[in-house]
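The next block holds one structure in the form of structure tokens; read it before the comments.
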Amino acid sequence: MSAEMTATRPEIKTDFAITALSALMAAEVTGLDLAMPLDAAVQRQIHAAFLEHRLLVFRGQNLTKEEQVAFTEQFGTLERHTTRNRGTANLPLVHIVSNLDEDGKPMGRVRSDMWHTDKSFRPAPSMATILHAVTLPPEGGDTVFVDMHAAYDGLDAATKDEIVDLRVVHSWELSRENEGRVLSAEELADAPDNAHPLARVHPETGRTAIFVGMHASHIEGKPFDAGRALVLRLEEHATQPRYQYRHSWRPGDLLMWDNRCLLHRAEANFDAATYPRILHRTCIRGTPTSP
Ligand SMILES: [Fe+2]
């Protein structure tokens, strides 16, 4: 091979960088092509960064749905979605998140705009969500996150004592009702209520988080209204601006976040009746919160 050919041969990129984006959470990962399998050492570094920063922002990606599934499977078991969010027939494990109506037209609002953690109504709530930008509005359409470890740490001692042994019921039925929709019998059978520790210990880091959000309904063993009031009080505390991190999407972004300690919501801070906002979502199954 001539020197000239060697000089023009594309280099295989093996170096990458992880840079913190704020003191609260989030790190940017540059220099990786997630369409390619990660070697074991890189996988370990990504997993460690995921535990440390809780939200990873991979820049410059352009994954097909199949490639997103392959990327996701490197970190755990893919999780199915609710019966209504089955995704497309050929790849049901990739859920298409969009502001489009059934005719494919922007409908003027975004879904998932209330604070929540994905699939917290399951007995083994989702460990991680991977969300890849496909079509973004010219600006806005942010996703905002809350650090539920920092929120727990910020509780007064009396409240920590009050919640230490409580279990919170997470209910898909209630959260759909709050959005004005009654579940079908099939949906209800597919996603029954489940209770979890309200002060949830992270299975990998040992840190405690407040485990609430829009699926959180009430407290097991307490009168409904009193338990509901506590859930809402904790959510109000946790979602203060000082515990929030805002992600402004760039083309090519792929986010991976830890559902065990973050809440998130989409924000319609763009003209959602004009511009499409489309993302591909995969989820990794977590572990049961109770022995
Ligand atoms: Fe979500």
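Overview of results
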| read-out | value |
| --- | --- |
| Contact order normalised by residue count of segment 202-291, Cα under 8 Å, 6+ apart, percent | 27 percent |
| Sequence of 270, 145 once ranked by neighbouring C-beta atoms within 10 Å, starting from the fewest | 270, 145 |
| Length-normalised contact order for the chain - Cα pairs under 8 Å, 6+ apart - percent | 32 percent |
| Segment 13-284: equivalent-ellipsoid semi-axes (sqrt of 5 x gyration tensor eigenvalues, Cα, Å) | 29, 23, 18 |
| For 143, 19, order by how many other beta-carbon atoms lie within 10 Å, fewest first | 19, 143 |
| Aspartates and glutamates with Cα under 15 Å of residue 160, excluding same-chain neighbours fewer than 8 positions away | 235 |
| Ranking of 171, 184, 98 by count of other Cβ atoms within 10 Å, fewest first | 184, 98, 171 |
| Loop trypsin sites (Lys or Arg not before Pro), segment 172-272, which have at most 12 other Cβ atoms in a 10 Å radius of their Cβ (DSSP) | 181 |
| Under 5 Å, built H, 5+ apart or other chain: amide partners of residue 218 | 169 |
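Values in this text are rule-based calculations from the coordinates and carry no lab data. The shown structure was predicted, so the numbers you read here are calculated from the model rather than taken from an experiment. No Cβ is skipped: glycine too gets one built from the backbone with ideal geometry, and neighbour counts run over all protein chains shown.
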